[in-house]
Amino acid sequence: MQGYNKDTAFEELNLDQEMVMEMRRSYGTPPPKMEDDHPYWHGNDRRYSKLTTEQLDRSRAESLKDAAERIMPFFNSVIVPSLREGNRCLVVSHANTIRTLIKQIDGISDEDIKQLSIPTGIPM
């Protein structure tokens, strides 16, 4: 859904408005896959050249569940041990990544995560 306005994405993507909201808020429903000609497609960007074909393909459409599978191993192996050592950590990221972390840390159900909204630019 990158690059689409949440209020008009359903029109631009020719999708049902409820389906767009489901993709934006649910835990396991991914958006349509980003095609190679999408203006935000990063597959040809040199910064992503070390990603495998599978990693690039998975990055075309990411649900919250997909984000958790990508993010939580890093969180658990790097951030959690650092916090346990008494260090402080500032996590700055896209709202979906923050929603993923909050869901996992607070044990929010797949259904209840639909109600969690992350404010833009406001520390939590």
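The values are calculated or read from the model by the stated rules, or taken from the named source; none is laboratory data. This is a predicted model, so every value here is computed, not measured. All Cβ positions, even for glycine, are placed from backbone atoms using ideal geometry, and neighbour counts span all protein chains on display. Keep in mind that these areas ignore ligands, DNA and RNA; they rest on the heavy atoms of the full protein, side chains included. Shrake-Rupley method; radii C 1.70, N 1.55, O 1.52, S 1.80 Å.
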_Looking for something over 27 Å from Asn14 (Cβ atoms), in contact with a Cys (Cβ under 9 Å, 6 or more places away or on another chain) and surrounded by 12 or more Cβ atoms within 10 Å (Cβ to Cβ) - is there at least one such residue anywhere in the stretch 112-123?_
no
*Examine the stretch 10-30 for a residue that is within 24 Å of Met124 (Cβ to Cβ), open to solvent by 40 Å² or more (accessible area, probe 1.4 Å) and polar (S, T, N, Q), and state whether such a residue exists.*
no
*Complete set of residues in the stretch 38-68 that are surrounded by 10 or more Cβ atoms within 10 Å (Cβ to Cβ) and either assigned to a helix (DSSP H, G or I) or of a type in the set (Asp, Glu) (or both)*: Tyr48, Gln55, Leu56, Asp57, Arg58, Glu62, Leu64, Lys65, Asp66, Ala67, Ala68
*How many residues are among the aliphatic types (A, V, I, L, M) and in contact with a Pro (Cβ under 9 Å, 6 or more places away or on another chain) if we restrict to the stretch 16-63?*
3
*What number goes with the only condition from (1) modelled with pLDDT of 90 or more; (2) among the hydrophobic types (A, V, I, L, M, F, W, C); (3) exposed (fewer than 15 other Cβ atoms within 10 Å of the Cβ) that Leu101 does not pass?*
(3)
*Consider Glu35 carefully, then state whether it is at pLDDT 75 or above, open to solvent by 100 Å² or more (accessible area, probe 1.4 Å) and within 21 Å of Ile113 (Cβ to Cβ).*
no
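Results for (1) of a type outside the set (Lys, Arg); (2) without any contact (Cβ under 8 Å) to a residue 24 or more places away in the chain, shown as yes or no for each residue.
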{"position": "Gly43", "(1), (2)": "yes, yes"}
{"position": "Thr53", "(1), (2)": "yes, yes"}
{"position": "Glu62", "(1), (2)": "yes, no"}
{"position": "Arg70", "(1), (2)": "no, yes"}
{"position": "Pro73", "(1), (2)": "yes, yes"}
{"position": "Ser82", "(1), (2)": "yes, yes"}
{"position": "Asn87", "(1), (2)": "yes, yes"}
{"position": "Ile102", "(1), (2)": "yes, yes"}
{"position": "Gly121", "(1), (2)": "yes, yes"}
*asked:* Could you check the stretch 90-119 and list, in sequence order, the residues that are small (Gly, Ala, Ser) and either in a helix (DSSP H, G or I) or touching a Leu at 6+ places or on another chain (Cβ under 7 Å) (or both)?
replied: Ala95
*Quick one: which of Leu116, Leu64, Leu101 is of a type in the set (A, V, I, L, M) and out of contact with any Ser or Thr (no Cβ under 9 Å at 6 or more places or on another chain)?*
Leu116
*When the residues of the stretch 69-89 are filtered to those that are open to solvent by 80 Å² or more (accessible area, probe 1.4 Å) and assigned to a loop (DSSP other than H, G, I, E, B), which remaining residue is farthest from Glu111 (Cα to Cα)?*
Glu85
